[in-house]
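The values are calculated or read from the model by the stated rules, or taken from the named source; none is laboratory data. Every value quoted in this text rests on a predicted model; they were computed, and no experiment measured them. Neighbour counts are summed over all protein chains in view; Cβ atoms, including those assigned to glycine, are modelled from backbone coordinates with ideal geometry. With ligands, DNA and RNA removed, areas are computed over all heavy atoms of the protein, side chains included. Shrake-Rupley method; radii C 1.70, N 1.55, O 1.52, S 1.80 Å.
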Amino acid sequence: MRLSTSTNLYNFDRSVPYQLSMEDAMRVCRDAGYSFLDANFCGMSRLGKKEAPMTLDDWDERVRSWKVLADRTGINFRQAHAFFSVKGSIPADALPDGEFGEEMMRRSVLAAEMLGVEWMVVHPVNILTDGKNDPEASFRYNLEYYGKWAEFFHAHHVGMAIENMLCGGRYNNVWADIDRLCALVDAIGRDNVGVCVDTGHANISGYKAADAIRKVGHRLRATHINDNHGAGVDEHVAPYMGTIDWSDVMNALREIDYAQDFSFEIQNLTSCYPAALQPEMIRFSYRLGNYLLANEGDIG
C-alpha cells in the first residue's frame with residue numbers, strides 16, 4: 001500500500017472551503033513528506049468559488065502546470081476524485097448535474113490522464129420514484145450511466161472506482177449498501193471499474209469498516225481513509241478520533257492483498273484552522289499514516 005492524502009487536506013481556511021489552490025496543497029503536502037497525492041478535482045470544480053480552476057476556459061493549461069510541479073517536486077498522482085453533483089437525487093430521465101456536470105466529468109477524466117492517475121473515484125447516483133430514492137431504478141440508471149462513462153475512462157487510461165455512500169442520520173443513500181455496490185461493479189463487468197471504500201461512510205451506515213473492506217474484496221481499487229463516531233455525521237476526521245477499529249481495518253486490507261493507495265480524506269483535521277497553522281497538522285497526518293501502515297493489525 002502507498003500512503004496518500006487528498007489534496008483537500010489543504011483546501012479550507014477557517015472552515016471556508018475552496019480557498020487554497022491545488023499548487024498550495026501540492027507544496028504543503030510534499031513538504032510534510034507525502035509523495036503520493038489524490039487529486040481532488042471535485043473541490044476544484046465548484047462554480048463561483050475562489051479556487052475553481054476546473055470550471056475555467058484554461059483548465060487544461062492549469063492541469064498541465066500541476067503535472068510540471070509534480071514532476072519537479074517528486075509528487076505522484078495515482079488516485080483522484082472526479083466531479084460529483086451536490087444537488088441530490090434525480091429523476092430517471094435527468095443527468096446528475098445537467099450538461100455542466102457532464103463537462104466537469106469529462107474534464108476530470110482528461111485531467112486524470114494528464115496527471116497519470118490510475119484510479120479515479122466517482123459517486124453513484126440516487127434515482128427518485130414517487131419522491132423517494134428507488135434502489136432498483138438507481139441500479140438500472142447507474143449500470144447504464146457508468147457503463148458508458150467506463151468506456152471514456154478506458155479510452156483515456158483511467159480506472160473508475162465507485163464509492164460507497166451513506167445511510168444513517170440525515171443521509172439516505174441507496175449506495176450505502178455494500179452488496180448493492182459490489183453487484184453494480186460486477187454487472188458493469190469491466191476490468192477498469194472497481195470500488196472505493198470510504199471507511200467513514202461505512203461506519204455511519206452500520207458496517208464495521210473492516211467488514212466493508214472484506215465484502216468488497218478483490219474489487220477494491222481505492223480508499224478514502226477517515227474516521228467518525230458513527231452517529232450520522234460525516235465528520236471526515238483522522239483515524240483514532242472516532243470509533244473505527246483501525247487494527248481491524250489494517251488486517252482487512254492485508255487479507256485482501258490491497259496494493260493501491262491508502263489515501264486519507266481527513267479534511268476536518270485541518271479545515272477549521274487558519275491556513276498558516278495547517279502545515280504542522282499535515283506533517284502529523286503523514287506520521288499518523290506511516291504509523292498505521294507499520295504498526296496496526298497483526299504484523300510480523
(request) Output the number of the condition that ARG72 fails; it satisfies all remaining conditions of (1) under 21 Å from VAL197 (Cα atoms); (2) of a type outside the set (Ser, Thr, Tyr); (3) open to solvent by 30 Å² or more (accessible area, probe 1.4 Å). (result) (1)
(request) Hey, can you tell me all the residues within segment 1-24 that are surrounded by 17 or more Cβ atoms within 10 Å (Cβ to Cβ), under 18 Å from SER271 (Cβ atoms) and among the small types (Gly, Ala, Ser)? (result) SER6, SER21
(message) Please go through segment 121-132 and give me each residue that is without any contact (Cβ under 8 Å) to a residue 60 or more places away in the chain, over 16 Å from ASP93 (Cβ atoms) and under 24 Å from the mean Cα position of the chain (by Cα), ordered by number.
(response) VAL122, HIS123
(request) Could you list, in sequence order, all residues of segment 117-136 that are surrounded by fewer than 15 Cβ atoms within 10 Å (Cβ to Cβ), of a type outside the set (D, E, K, R) and over 21 Å from ALA187 (Cβ atoms)? (result) GLY131
(request) Scan (1) closer than 15 Å to VAL158 by Cα; (2) surrounded by fewer than 19 Cβ atoms within 10 Å (Cβ to Cβ) for the single condition ARG27 breaks and write down its number. (result) (1)
(request) Determine the pairs where a residue that is within 21 Å of VAL68 (Cα to Cα), located within segment 94-114, has a partner that is of a type in the set (Ser, Thr, Tyr) with Cβ atoms under 8 Å apart, the partner being 6 or more residues away or on another chain. (result) ARG107/SER45; SER108/SER45
(request) Consider ASP186 carefully, then state whether it is over 25 Å from MET1 (Cα atoms) and open to solvent by 20 Å² or more (accessible area, probe 1.4 Å). (result) no
(request) Could you please give the count of residues in segment 53-106 that are in a loop (DSSP other than H, G, I, E, B) and at positive phi? (result) 2
(message) If I filter segment 258-267 for residues that are within 30 Å of ALA155 (Cβ to Cβ), acidic (Asp, Glu), without any contact (Cβ under 8 Å) to a residue 12 or more places away in the chain and part of a loop (DSSP other than H, G, I, E, B), do I get at least one hit?
(response) no
(message) Among the listed residues ALA252, ALA209, identify the single one that is of a type in the set (A, V, I, L, M, F, W, C), farther than 17 Å from LEU3 by Cα and touching a residue at least 40 places away in the same chain (Cβ under 8 Å).
(response) ALA209
(request) Hey, can you tell me all the residues within segment 268-300 that are open to solvent by less than 20 Å² (accessible area, probe 1.4 Å) and not in a helix (DSSP H, G or I)? (result) THR270, SER271, GLY297
(message) Within segment 75-116, take every residue that is surrounded by 16 or more Cβ atoms within 10 Å (Cβ to Cβ) and aromatic (Phe, Trp, Tyr) and give me the one that is farthest from the chain's Cα centre (by Cα).
(response) PHE77
